[in-house]
Amino acid sequence: LIRIYDSNAARLLDCCRQSIYFEQTGDVLKCIELMAADPELEIVRVKNRMSWHADSEFSCGFRNVIINLRIKTETTRSLGLDGHICELQLTLKRLAQQMTACSH
């Protein structure tokens, strides 16, 4: 919280975080396309750490795509969870094997 968000808890988006691991980059793209087409998902932010333009020092060299999203269903609305932001990490298996303790 202190290192990344300057002690501002309102910026914390990954209290609910999951990962999906893929064999190929094309599979990552297909997943993103399916999510973007799903009317029950609201994509809030996409952080492409696979891009050559991404600052790899900030992520300790780890490369993936992070999607922050809201799930908008009758169930989430009835429970008051439709405003909750979840984090989904899309990662290539071969890169996940290189993950360090720094990149959590």
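The values are calculated or read from the model by the stated rules, or taken from the named source; none is laboratory data. All figures in this text were calculated on a predicted structure; none of them were measured in a lab. Side chains are part of the model used for accessible areas, which takes the heavy atoms of the whole protein and leaves out ligands, DNA and RNA. Shrake-Rupley method; radii C 1.70, N 1.55, O 1.52, S 1.80 Å.
Observations on the structure shown:
- Meets criteria (open to solvent by 30 Å² or more (accessible area, probe 1.4 Å) and at pLDDT 90 or above) for I66: no
- Hits in segment 3-43 (condition: hydrophobic (A, V, I, L, M, F, W, C) and at pLDDT below 85): I4, A9, A10, L12, L13, C15, C16
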